[in-house]
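Asker: Below is the structure I would like to discuss, written out as structure tokens.
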Amino acid sequence: MEKYRISKSDGSVVFGQLLGMCDHITFTLGKYGYAPYKYMPYGPVEDVIPYLIRRAHENKAMLEGADEERKLVRTELKRRFLQLKFQ
């Protein structure tokens, strides 16, 4: 973004993600000063399920990211438990 002189805060580029998918990417964007948002589809089940299935097919890579997400969660849980243990 810096290479193209795009500000993190002017709103010219926005990152939106489906709630529950690739949270590790959301956390990384936040860490670097971007403000990603999560969205959640709602409506009748017969309308929402086909939409979610399409998103899952389009984002097969998200399944590969599950291992990374699991590692991040495990690391964070260990960090929190260690903090509690030594307080």
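The values are calculated or read from the model by the stated rules, or taken from the named source; none is laboratory data. What you see is a predicted model, and the numbers here were worked out from it, not measured in a lab. Here the Cβ positions follow ideal geometry from the backbone for every residue, glycine too, while neighbour counts run over all protein chains shown.
Asker: Among the numbered conditions (1) touching a helix residue (DSSP H, G or I) at 6+ places or on another chain (Cβ under 8 Å); (2) modelled with pLDDT of 85 or more, tell me where Gly65 comes up short.
Answerer: (2)
Asker: When you check Phe81 against the structure, is it of a type in the set (Phe, Trp, Tyr), over 16 Å from the mean Cα position of the chain (by Cα) and modelled with pLDDT under 75, yes or no?
Answerer: no
Asker: Okay, moving on. So for the range 4-13 (the condition being at positive phi and either charged (D, E, K, R) or modelled with pLDDT under 85 (or both)), does at least one residue qualify?
Answerer: Yes, the range 4-13 contains at least one residue that is at positive phi and either charged (D, E, K, R) or modelled with pLDDT under 85 (or both).
Asker: Give all pairs with beta carbons closer than 6 Å in which a residue from the range 10-21 that is under 16 Å from Ile53 (Cβ atoms) meets a residue that is part of a loop (DSSP other than H, G, I, E, B); count only pairs at least 6 apart in sequence or on separate chains.
Answerer: Leu19/Met40
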